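Remarks on the structure that follows.
The values are calculated or read from the model by the stated rules, or taken from the named source; none is laboratory data. This is a predicted model, so every value here is computed, not measured. Backbone-built Cβ (ideal geometry, glycine too); neighbour counts: all protein chains shown.
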């Protein structure tokens, strides 16, 4: 081994080293994004789960004596709505429903869609053809319109909202996973596994899936944001979670009527949506950078 | 045509450092050479030795953000000022009309959404305000010159409709469109199959002789270099380790690395294992002191690691090597040659 | 070389998809739990009308006959009868098309105007001011529900600073442009996030391609390299994304029409759900899907026009 560095024009080296250091800093910044996203999400979940401990008011307690109080009124940090219900309590309790939808709807479609895509891509042939035609068919419909139509037929309720999302959202995952599987099928490690006589199930789940999962997981973050916004949108239209259960979207819809006098009713629940949405986005971005070793 | 021996391009003490996440990569660490008029200079070395970066630095094609350069690149017809660090406007007048370059992989070296004709005409009109019709005519004759059949019809075709060899011919046509004085060819045949390789190299040699332009040919394949070049420089770990005329370097190498490269070439009558160079090149980030080839060198002694290397004159005619034991290597070479002919 | 060699195959595919769509919308009505006649008629339920509906839908006949009846009516432009409006559904729907189409086109154009320059510059000067600030801006706006963003815009630009009207469609072309500016902006901001990101990534990738070096090597102006080589290639990636996201754009019109009280298809869809006006729900869904299919076809054609490699591939 050498004992000393090769001598070089030191000023040149200094300047180049500074540039190199700058690039190292940007890698740290990317991990930062992921951490911030996770922290934000943790805060949101904690706030929703621990709601009873954080606010003493009930989200449904009507107080006709104090309707439409602005934020920072005594006893009501964020004010009250037209029925005198505390806004902060309603926002926190609504978080439970909206986060439940984000996780519940996304996880089922993630698992279901990935399975279908994996099988379609691996098996190929007629099965693949049929499933992908089905996927194409679903993609021909504007997402929200199809969900609204399904809810129209089944009747608006929280459960039917889940059903509608499950029926329509798996297609994105299926399409992504199928494309990944088709490519993975030709890779060395899969050919090797098959040559060793491993069963198709084993090849799919223990070989292909771990290597391709990163794309769908990153996508699921984007999807989670979409589902939260979807839940809020449907609530806004009166087609999602039904009253009296508090939900961010329906709160915004109600608040719209009072936009001229009591701006906080429509604005603040929206900030909650944005907060959670940004959290998922940052996690998605951070994961993308960390898992794919970023761009140079 | 100017007389042979007039310097065309002089590279003096060139350093190119790249700022990366892992640290500073000293891709080119003090390289100097001169290319003369109508001369073919070969640069040979392993992947990562700095030959491509050297060419790109000369052309000014290294990304400005993360790259740092020092030294001089003097293009004599334009005066004695260095092109290194010149403004983009200045470089633009030099590129194409004076210096041109062809790259390693022809499949990615052309814009996929424009047809060959448009891209060639673009090159023709880059330095000449001729009419569209005239440019088209010149383009067709260029394609013809590089051996593309049915040239006028193929003008309308897109890159994906061409084979690798055809694409490389088209790229040569583009490079020559504005009649440059110096062509830099960076591994032009590496991604082509052997028969096409031969054709392309013949084409390049032919064009070089016809136009009297100079050429820098970069390759890791010593066989290719020895066939085509007048002078050779051998690079290792960002430095020039040997330079001289092709005849001198090939027949009487003075640096252990060159020697090893020659040994590694498969011979026709050879039996048994191919000889290769064990080990791998040193890191360009934490560059070791002393001779960089010492760890892999069969002639190395402990002093080699402490010797701050310089190019030492070896033999005749500007032959030089970065080794203080070059004389012994030369004598050793003679001894082997004598024993070879004795046993023949 | 025929750029559009894949056109016949593609058209065939489109027709198949259109048939598939009719299947889905057909089955939509069958999703209703319980008695469809009761659901459809609601308060105007009489036995005679119920029997008429049963016959109309062919509920006592085999499913293929029902589908046949449905398709037959479709070909004659009959989307069913709206009991709520007491009119042919087709008529009701036709009255609501204009605002939605205007809004969709307006948003699509606005999104392109906003995102192309920003995406391109972000890719060219990575880490620069435009890149950093637009990233922050678009991450935020992406997480904002379209309807909430619309409300905020109304709050700022209609209530606090009376620049734009709060609702309505306006009259005349310029009137439409004025009234629909805030709604179109709302939709296009959500849309632009993806476009900017996509163009940025494509620009960065293209800049590293070898053919850019070949172009520079020729000694042509950097501006020309940027436009003819970098942009012409980066934009390809965006066209594909543009088409795909148009589907979400359509979804956005439903919400935005609601927020801004625009009398378009989206508002009609929502109101018919609460009005239990099933035939109209079905008809609007079908229409939206047909719109999407046409947009996708158009996107594929645009891609073939811009990229000579695409049109050669068989199928989609």
> Restricting the first residue to the stretch C:248-262 and requiring it to be free of Cβ contacts under 8 Å to residues at least 12 places away in the same chain, which pairs with a second residue that is part of a helix (DSSP H, G or I) and buried (at least 24 other Cβ atoms within 10 Å of the Cβ) meet a Cβ separation below 7 Å and a spacing of at least six or different chains?
Replying inline: C:251/A:144; C:251/A:145
> Do we find that residue B:25 is farther than 24 Å from residue B:320 by Cα and either out of contact with any strand residue (DSSP E or B) (no Cβ under 8 Å at 6 or more places or on another chain) or not assigned by TED's automatic domain parsing to the domain that holds residue B:183 (or both) in this structure?
Replying inline: no
> How many of the residues in the stretch A:257-281 are under 18 Å from residue A:35 (Cβ atoms) and more than 7 Å from chain C (Cβ to nearest Cβ)?
Replying inline: 4
>> Checking the condition within 14 Å of another protein chain (Cβ to nearest Cβ), under 21 Å from residue C:248 (Cβ atoms) and assigned to a loop (DSSP other than H, G, I, E, B), which residue from A:230, A:234, A:239 passes?
In response: A:239
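Would you say residue A:240 is within 26 Å of residue A:154 (Cβ to Cβ) and either modelled with pLDDT under 85 or surrounded by fewer than 24 Cβ atoms within 10 Å (Cβ to Cβ) (or both)?
Numbers: within 26 Å of residue A:154 (Cβ to Cβ): yes; either modelled with pLDDT under 85 or surrounded by fewer than 24 Cβ atoms within 10 Å (Cβ to Cβ) (or both): yes.
So residue A:240 passes the test.
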> Can you tell me which of A:222, A:182 is surrounded by fewer than 22 Cβ atoms within 10 Å (Cβ to Cβ), closer than 20 Å to residue A:145 by Cα and touching a residue at least 60 places away in the same chain (Cβ under 8 Å)?
Replying inline: A:222
> Would you call residue C:152 within 13 Å of chain A (Cβ to nearest Cβ) and touching a residue at least 40 places away in the same chain (Cβ under 8 Å)?
Replying inline: no
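Counting only residues that are free of Cβ contacts under 8 Å to residues at least 40 places away in the same chain and away from every other protein chain (no Cβ under 14 Å), which one in the stretch B:3-40 is farthest from residue B:233 (Cα to Cα)? Before you say what the answer is, go through the steps one by one.
First, the residues of the stretch B:3-40 that are free of Cβ contacts under 8 Å to residues at least 40 places away in the same chain: B:3-5, B:21, B:34.
Narrowing the set further to residues that are away from every other protein chain (no Cβ under 14 Å) leaves B:3-5, B:34.
Numbers: B:3: 22, B:4: 19, B:5: 17, B:34: 10 Å.
Only one residue tops the list, namely B:3.
Which residue is surrounded by the most Cβ atoms within 10 Å (Cβ to Cβ), if the candidates are limited to the stretch A:225-237 and must be more than 10 Å from the chain's Cα centre (by Cα) and touching a residue at least 24 places away in the same chain (Cβ under 8 Å)? Please lay out each step first, then the result.
Residues of the stretch A:225-237 that are more than 10 Å from the chain's Cα centre (by Cα), as a first pass: A:230-237.
Subset that is touching a residue at least 24 places away in the same chain (Cβ under 8 Å): A:230-234, A:237.
Numbers: A:230: 26, A:231: 30, A:232: 33, A:233: 28, A:234: 25, A:237: 25.
Looking at the filtered set, the residue picked out is A:232.
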> Tell me, which helices (runs of 4 or more DSSP H) lie completely within the stretch B:122-227 with 2 or more residues that are buried (at least 22 other Cβ atoms within 10 Å of the Cβ)?
Replying inline: B:132-145, B:164-176, B:194-211
> Can you tell me which residue in the stretch B:230-261 is modelled with the highest pLDDT, limited to those that are in a loop (DSSP other than H, G, I, E, B) and surrounded by fewer than 24 Cβ atoms within 10 Å (Cβ to Cβ)?
Replying inline: B:230
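Looking at the structure I just gave you, is residue C:248 on the phi < 0 side of the Ramachandran plot, at pLDDT below 90 and crowded, with 21+ Cβ neighbours inside 10 Å?
Answer is no for this residue.
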>> Here's a check for you: in the stretch B:96-119, which residue that is in a loop (DSSP other than H, G, I, E, B) and within 24 Å of residue B:134 (Cβ to Cβ) is nearest to the other protein chains (Cβ to nearest Cβ)?
In response: B:96
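Looking for something in contact (Cβ under 8 Å) with a residue 40 or more places away in the chain and within 9 Å of chain A (Cβ to nearest Cβ) - is there at least one such residue anywhere in the stretch C:294-304?
Taking the stretch C:294-304 first, the residues in contact (Cβ under 8 Å) with a residue 40 or more places away in the chain are C:295-304.
Checking the rest, the ones that are also within 9 Å of chain A (Cβ to nearest Cβ) come to C:296.
Yes, the stretch C:294-304 contains a residue that is in contact (Cβ under 8 Å) with a residue 40 or more places away in the chain and within 9 Å of chain A (Cβ to nearest Cβ).
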> When you scan the stretch C:261-279, how many residues do you find that are at negative phi and not in a helix (DSSP H, G or I)?
Replying inline: 5
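Of the residues B:139, B:64, B:123, which is within 13 Å of chain C (Cβ to nearest Cβ), more than 19 Å from the chain's Cα centre (by Cα) and at pLDDT below 90? First the steps, then the outcome.
Details: B:139 fails: at pLDDT below 90; B:123 fails: at pLDDT below 90.
On inspection, the qualifying residue turns out to be B:64.
Residue check: is residue B:57 within 14 Å of residue B:99 (Cα to Cα) and buried (at least 22 other Cβ atoms within 10 Å of the Cβ)? Show your work before the answer.
Details: within 14 Å of residue B:99 (Cα to Cα): yes; buried (at least 22 other Cβ atoms within 10 Å of the Cβ): yes.
Here the answer is yes, as residue B:57 does meet what is asked.
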